[in-house]
Amino acid sequence: MTSPIRLIIGLGNPGPEYETTRHNAGFWLADHLADDMKASFFLEKAFSASVAKARFDGEAVILAKPKTFMNRSGQAAGALMRFYKLTPEQVLVLHDELDLMPGQAKLKQGGGHAGHNGLRDIQAVLGSPNFWRLRIGIGHPRTLGLAQDVAAFVLNPPRRDELKEIESVIDRCRAITPALLRGDYPQAINQLHEANSA
């Protein structure tokens, strides 16, 4: 039996100046999931994160938004995983993805970090790439016809049309969360990827 997801970590940078930037798409989705599960985020200094505690089918589910900068995301991930005695296979990381266009999302387990500093740090701290990733497409400055470099691109808000696409994909990600919390990964992947091609 596959382990259901028990820890969901949204990636982003803390602070109001980053709130609306593309790099914070993982935070946006985490906020929606907390709302969906009627849970609220509170700062938990011991975990270097804002943490929301929810229940699903009677089981505890932890949502977290690290309070460190993106490249230190592993600090919160590692502390929470150890405290709740979870395996990497029970962890889902929500993050922005340059290789997917706005309006696309992909769910996968394991793999590399593709230069994403948050993923790189989590992988290093967990000592395993076997956590799940929900990749929220934000596009790439080149594919979107922008002259910005990647660093400036991810630290700027999406344009209005891109934001609309990102918001619609976040809703699709919310729809597959119950399947993830039941450990039904094939169902979650099919549901999400079918919507991508729709």
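The values are calculated or read from the model by the stated rules, or taken from the named source; none is laboratory data. All of these numbers come straight from a predicted model, not from anything done at the bench. Every residue, glycine among them, receives a Cβ derived from its backbone with ideal geometry; neighbour counts consider all protein chains shown. In case anyone asks, the SASA skips ligands and DNA or RNA and just uses the protein heavy atoms, side chains included. Shrake-Rupley method; radii C 1.70, N 1.55, O 1.52, S 1.80 Å.
How large is the dipole of the chain about the Cα centre if only Lys and Arg carry +1 and Asp and Glu carry -1, each at its Cβ, rounded to the nearest 20 debye?
The calculation lands at about 460 debye.
Please list log₁₀ I(q)/I(0) at q = 0.09, 0.10, 0.17 Å⁻¹ for the range 21-155, using the Debye equation with identical point scatterers on the alpha-carbon positions.
-0.26, -0.32, -0.93
Quick one: accessible area per residue over the chain, 1.4 Å probe, rounded to a whole number of Å²? Don't jump to the answer; show the numbers that get you there.
Working: 9180 Å² over 198 residues.
Using a 1.4 Å probe on heavy atoms only, each residue of the chain averages 46 Å².
Report for the chain the percent antiparallel among DSSP-assigned beta bridges with both residues inside it, nearest 5.
Expressed as a percentage, antiparallel bridges in the chain total about 55.
For the chain, which whole-number percentage of the solvent-accessible area (1.4 Å probe, protein heavy atoms only) is attributable to carbon and sulfur atoms?
52 percent
Where Lys and Arg each count +1 and Asp and Glu each count -1, what net charge lies around Val154 among other residues with Cβ under 13 Å from its Cβ?
In short, -4.
Please list the non-local residues whose amide H lies under 5 Å from the amide H of Gln104, H modeled 1.01 Å from N, same-chain partners needing a gap of 5 or more.
Amide H neighbours of Gln104: Gly137.
How big is the gap, in Å, between the Cα center of the range 126-198 and the Cα center of the range 1-44?
Taking the Cα centre of the range 1-44 as reference, the centre of the range 126-198 is 13 Å away.
In the chain, if the dipole is taken from +1 on Lys/Arg beta carbons and -1 on Asp/Glu beta carbons about the Cα centre, which of His140, Pro158, Tyr185 is farthest to the positive end?
Tyr185
Would you mind counting up the charge near Ala76? Only other residues with Cβ under 14 Å from its Cβ, with Lys and Arg at +1 and Asp and Glu at -1.
Cβ neighbours under 14 Å give a net charge of +3.
What number, rounded to the nearest 500 deg cm²/dmol, is the helix-based mean residue ellipticity at 222 nm of the chain, given -39500 (n - 2.57) per DSSP H run of at least four residues and division by all its residues?
-11500 deg cm²/dmol
Which whole-percent values make up P(r) of the range 123-198 when all C-alpha to C-alpha distances are grouped in 5 Å steps starting at zero?
3, 12, 19, 17, 16, 17, 12, 3, 0
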